[in-house]
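Read through the structure below, which is laid out as structure tokens, and then see the notes.
Every number here is computed from the coordinates shown, using simple stated rules; none is lab data. Predicted model only: the values in this text are computed from it and were never measured. Neighbour counts are summed over all protein chains in view; Cβ atoms, including those assigned to glycine, are modelled from backbone coordinates with ideal geometry.
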Amino acid sequence: MSDKDFPLRPAAQLNYRAEGIRARDGKSLGLSFDRIADRYDTTRWYPDQVMEDILAVLEKNIDPERPILDAGVGTGRFAKPLQDAGFTVVGVDISARMLEKARQKSVQDLLRADITALPFKDEVFGSAMSVHVLHLISNWKLALREISRVTTGHLVSVAFNKMESPAEELRRFYDQTCADLGHVVHHPGMREREMPEVFEPDEEITITMHEHPIDVRNIISDYSNRTYSNQWMIPEEIHQQAIEALQERYDGVDQIIGRERISLLKWSADRIWEFAGDLAAK
Ligand SMILES: C[S@@+](CC[C@H](N)C(=O)[O-])C[C@H]1O[C@@H](n2cnc3c(N)ncnc32)[C@H](O)[C@@H]1O
């Protein structure tokens with residue numbers, strides 16, 4: 001499978017009046033998940049009941065009568081069950097390998113495109129969703145502007161809000177070790193779950209509290225394999241030292257607890273258009 005299977009061009013076969021992607025300098029592309037596509041589903045897995053709870057709330061907050069944009073569809077974690085439930089979902093992603101995984105699961109209507117230059121005419125979607133995506137895009141305001149340009153109703157996101165827990169401590173320890181060694185671990189963009197701090201949602205619905213045991217060996221192995229996108233820019237030497245520090249600190253610990261409050265965030269496209277436009281103008 002190569003990029004030719006999902007060329008970064010509008011998919012003419014989609015009936016959403018695709019227009020040409022605007023010429024850009026290439027720097028607007030977010031962090032592609034090509035490198036993690038094979039491991040994405042196993043490392044971002046949630047129990048069936050948690051997924052059912054999320055989908056039940058999601059389904060009530062998207063327009064069933066109109067096409068839905070899944071911006072940064074990935075392997076189709078949400079697009080697949082929504083399509084199975086009868087929603088018309090169009091999935092957009094810059095990663096050909098993530099799209100290929102989605103296609104293997106029979107996700108329909110997939111398009112390789114950059115969210116900051118969506119190949120769609122204005123207002124073709126009723127609802128849009130972006131889950132775990134905007135933190136990867138340095139020009140996240142432009143991404144929001146584009147999403148709101150093509151959407152008439154709402155943008156929804158599922159926020160996985162990390163609560164204080166031993167798992168959070170472990171994450172902080174790794175980040176702090178890297179910082180002490182000279183690399184500040186960060187994402188290029190803005191996490192959807194942090195957006196309410198700068199732009200109040202129209203609605204936030206708590207879906208569930210998710211508390212779960214985490215096998216320490218597995219999480220250190222995930223860290224060691226640079227599973228998380230904020231690790232991809234860490235120099236190898238710093239990364240290796242941080243892993244050694246983690247192994248030493250957690251020697252003899254088998255399990256730790258992780259805690260998340262999972263919520264649905266919802267903004268009207270009109271408000272986002274104004275918000276993102278204001279920010280872009282600054
Ligand atoms: C963490 S995954 C989330 C996938 C899916 N939304 C989910 O919740 O499972 C982020 C996805 O955003 C994609 N992505 C990053 N920047 C993008 C951009 N500028 N345009 C389109 N997709 C982008 C990545 O390739 C990746 O597949």
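Based on the mean of other beta carbon atoms within 10 Å per residue, what is the order of 56-65, 116-125, most packed first?
Put in order of decreasing packing, that is 116-125, 56-65.
I'd like the antiparallel share, as a percent to the nearest 5, of DSSP beta bridges with both residues in the chain.
65 percent
From Cα pairs below 8 angstrom and at least 6 apart in sequence, can you work out the relative contact order of region 3-281, rounded to a whole percent?
Here the relative contact order equals 21 percent.
Please determine, in degrees from 0 to 90 and to the nearest 10, the orientation of helix 269-281 with respect to the longest principal axis defined by the Cα atoms of the chain, where the helix direction is its Cα long axis.
70 degrees
Go through region 34-48 residue by residue and turn each phi into a ³J(HN,Hα) via Karplus (6.51, -1.76, 1.60, θ = phi - 60°); whole Hz please, and just put x for glycine and proline.
Result, ordered by residue: 3, 5, 10, 3, 5, 10, 4, 5, 6, 8, 10, 7, 10, x, 3 Hz.
Across the chain, how many lysine pairs, 8 or more positions apart or on different chains, have C-alpha atoms separated by under 22 Å? Please give the number.
Pairs that pass both the separation and distance tests number 14.
Roughly speaking, what is the centre-to-centre gap between region 67-107 and region 111-149 when only Cα atoms are used, to the nearest Å?
When both Cα centres are located, 14 Å separates them.
In the Gaussian network model of the chain, springs joining C-alpha atoms below 10 Å, which of N139, N230, N218 carries the largest mean-square fluctuation?
Ranking N139, N230, N218 by mean-square fluctuation puts N218 first.
Over region 29-114, what is the relative contact order in percent, taking alpha-carbon pairs closer than 8 angstrom and at least six residues apart?
This gives 32 percent for region 29-114.
Please give me, ordered by residue number, the chymotrypsin sites (Phe, Trp or Tyr not before Pro) of region 28-79 that lie in loop per DSSP and have at most 15 other Cβ atoms within 10 Å.
Those that pass, being in a loop and sparsely packed, are W45.
Where the Cα atoms of region 3-281 are projected onto their three principal axes, how long is each span, largest first, in whole Å?
Result, largest extent first: 57, 39, 39 Å.
Assigning unit charges at the beta carbon (Lys, Arg +1; Asp, Glu -1) and nothing else, what dipole magnitude in debye, to the nearest 20, does the chain show about its Cα centre?
920 debye
Which order, highest average first, do 104-110, 198-204, 248-254 follow once you tally other Cβ atoms within 10 Å for each residue and take the mean per peptide?
The peptides rank, most packed first, as 104-110, 198-204, 248-254.
Checking the a/c ratio against 1.5 first, then a/b against b/c, what shape does the Cα gyration tensor give for region 149-282?
Cα axes put region 149-282 in the oblate bin.
Given S106, N230, T206, which one lies farthest toward the positive end of the charge dipole of the chain, if we put +1 on the Cβ of every Lys and Arg and -1 on the Cβ of every Asp and Glu?
Of the candidates, S106 comes out farthest on the positive side.
Taking amide H atoms as placed 1.01 Å from N in the peptide plane, list the residues 5 or more away in sequence, or in a different chain, whose amide H sits under 5 Å from that of V89.
I68
Across region 156-169, in residue order, what do the Karplus-derived ³J(HN,Hα) couplings come to in whole Hz, using 6.51 cos²θ - 1.76 cosθ + 1.60 with θ = phi - 60° and x for Gly and Pro?
Taking θ as phi minus 60°, the curve returns 10, 9, 9, 9, 9, 7, 6, 9, 4, 6, x, 5, 5, 4 Hz for region 156-169.
When only Cα pairs under 8 Å and 6 or more residues apart are kept, what is the percent relative contact order across region 193-282?
Answer for region 193-282 is 53 percent.
How would you rank 130-138, 221-229, highest first, on the average number of other Cβ atoms within 10 Å across their residues?
Ranked by mean Cβ neighbours within 10 Å, highest first: 130-138, 221-229.
Go through region 213-228 residue by residue and turn each phi into a ³J(HN,Hα) via Karplus (6.51, -1.76, 1.60, θ = phi - 60°); whole Hz please, and just put x for glycine and proline.
Karplus values, whole Hz, x for Gly and Pro: x, 10, 6, 4, 4, 5, 6, 5, 5, 4, 4, 4, 8, 6, 6, 9.
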